[in-house]
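Below is one structure, written out as structure tokens; comments come after it.
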Amino acid sequence: MQAAFLIYSILYSIVLLFLLPFEYVKRPAILRKRWIREKFGFFEKNAQSLSSKPKIWIHAVSVGEVVAVSGMIKKLSNKYEIILSTVTDTGQRVAQNRFKDHNVQIIYMPFDIPFVINKTLKHFMPVALILTETELWPNLIRVASKKIPVILANGRISDKSFKGYRKVKFFIKPLLKKFTLLCVQEQQYKEKFLNLGAEQQKIHITGNMKFDIELKPIHFTWEKSIPKPVIIAGSTHEPEEEIVLDSFLNLDIPGTLIIVPRHPERFDVVEKTIKSKLNNNLLFFRLSEINPHQDLPYSSEKFSMIILVDQMGILGSLYRICHIAIIGGSFIPHGGQNPLEPAYWSKPIVCGPHMHNFPFIEEFLNQKACIMTDKDSLSQVLKELIENSELRQTMGERAYQLFLSKSGATEKTLKLLQRIIP
């Protein structure tokens, strides 16, 4: 087994050698110095790191994982100092916004190299390491498990990952045995972990923490004056903006389409796509250009409107104002984005055929709380929902009831953590 870890470390280091310049340059200049420093385990001492509270290291790769475990992090931060690591820059931004009033220090996930992991553990001295969803970093798990409990929270394994893990089961099985506790979302994931060699007594089905979200309403003065109905396409990927735009324009009725790209670096590209579709009866605004304290002086009977949301961290709250929610990442083979935020606000949900990242969508479809369609039929589905307010209300209510029925994963996980973490 030591040989397998050595081979992994060598291969990881070779790949890192080639990718490091690209990963460094692609980041904004203001972030590069901190990114490279923290990736190699060098962290500045600050007031939080001198806290007398015991520390827990939680790793959440990006925005979705940060949002999912937010409730757990906030509750744990009452007793512990939280060291929260992410991989992506967007994950960093969302985490900094969400936890600015909590005892949470946010860092970049260090490279999965033994001496770097050891250096990080020595600096922070956490009493436990909590990984989220599918974050199985071999050296991180191996090194940390020698010193502290290693826990998986909100665990899941996609079909694609499962097929890959099965091919290297000889490597994955000893890795899973190093976990003290595995909290998984559903029975199907428990079976996959067992198949890969996890120990039965360590696995608990706790549910999906993404159902435990709490969203604050954000009120805009302009929301009352924009043309109705309002359609929000959330967390879109290329080329979904064009798909949604064309479907919206085919409706040929007044209304507002709010587009929220998944990645901020695409804001300018999406703006160009939108502007290429504009006509005399179609207005366009970037959200940052709208005065939040003034109405928009336009007649909703004459114009339709496109709003590009060029801010991070507000999509979940923004769904409150829509009449129909379109889930991004589902009209391409990405696997979909989180449909639970519109469900929280009792909104009818429309998604594309690619939602495999969220297996529970089947229950939403079976309960008629969601409509799945393809890009060619999207316009027709939107038209039917716009014309049938009763259908919209029924779908929204069903989505909310499903949301409520599946909540509680955070509390179940916290009760299990209390048995392990001092």
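Read-outs: derived from the displayed coordinates by stated rules, not from any lab. All values reported here derive from a predicted model rather than from experimental measurement. Neighbour counts run over all protein chains shown; Cβ positions are idealised from the backbone, glycine included.
Tabulated data for the structure shown
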| read-out | value |
| --- | --- |
| Amide proton proximity set for Q105, modelled H, under 5 Å, gap of 5+ | I82, I83, L84 |
| Net length gained if the chain between V87 and M125 were fully extended (0.36 nm per residue, minus Cα distance) | 11.6 nm |
| Full-extension gain in nm, L249 to S377, via 0.36 nm per residue minus C-alpha separation | 44.7 nm |
| Nearest-0.05 FRET efficiency for I218 and V15, computed from C-beta distance (R0 45 Å) | 0.65 |
| Net charge contributed by nearby residues that have their C-beta within less than 12 Å of F5 (K/R +1, D/E -1) | +1 |
| Qualifying aspartates and glutamates (Cα of each under 17 Å from Cα of K169; at least 8 residues distant if same chain) | E135, D159, E191, E199 |
| In range of the label at A3: residues from the stretch 142-180 whose backbone nitrogen is under 15 Å from the point 7 Å along Cα→Cβ | 170-171 |
| Cα-projected label distance for F170 with S288, points at 7 Å along beta-carbon direction, nm | 5.2 |
| Separation of the E390 and F40 label points, Cα + 7 Å toward Cβ, nm | 6.8 |
| Charge tally in the Cβ shell below 12 Å around T373, where Lys, Arg are +1 and Asp, Glu are -1, T373 excluded | -1 |
| Karplus 3J(HN,Hα) series, Hz, for the stretch 401-416 with 6.51 cos²θ - 1.76 cosθ + 1.60 (x for Gly, Pro) | 5, 5, 4, 5, 5, 9, 7, x, 5, 4, 5, 4, 5, 4, 5, 5 |
| Residue with peak Gaussian network fluctuation, the chain [Cα springs, cutoff 10 Å], from I231, I130, I314 | I314 |
| Highest-fluctuation residue, E214, E390, E199 considered, GNM on the chain with Cα pairs under 10 Å | E390 |
| Value of Rg to Rh for the stretch 221-405 (Rh from inverse mean 1/r over Cα pairs, i.e. Kirkwood) | 0.94 |
| Of R262, R32, R320, the one that fluctuates the most in a GNM where the chain has Cα springs shorter than 10 Å | R32 |
| Enclosed volume per residue, in Å³, of the convex hull spanned by Cα atoms of the stretch 40-115 | 94 |
| Spatial separation of Cα centroids for the stretch 92-148 and the stretch 258-287, in angstrom | 37 |
| Diffusion constant of the stretch 129-222 at 4 °C, which comes from Stokes-Einstein with the Kirkwood Cα-pair radius and 1.567 mPa s, µm²/s | 91 |
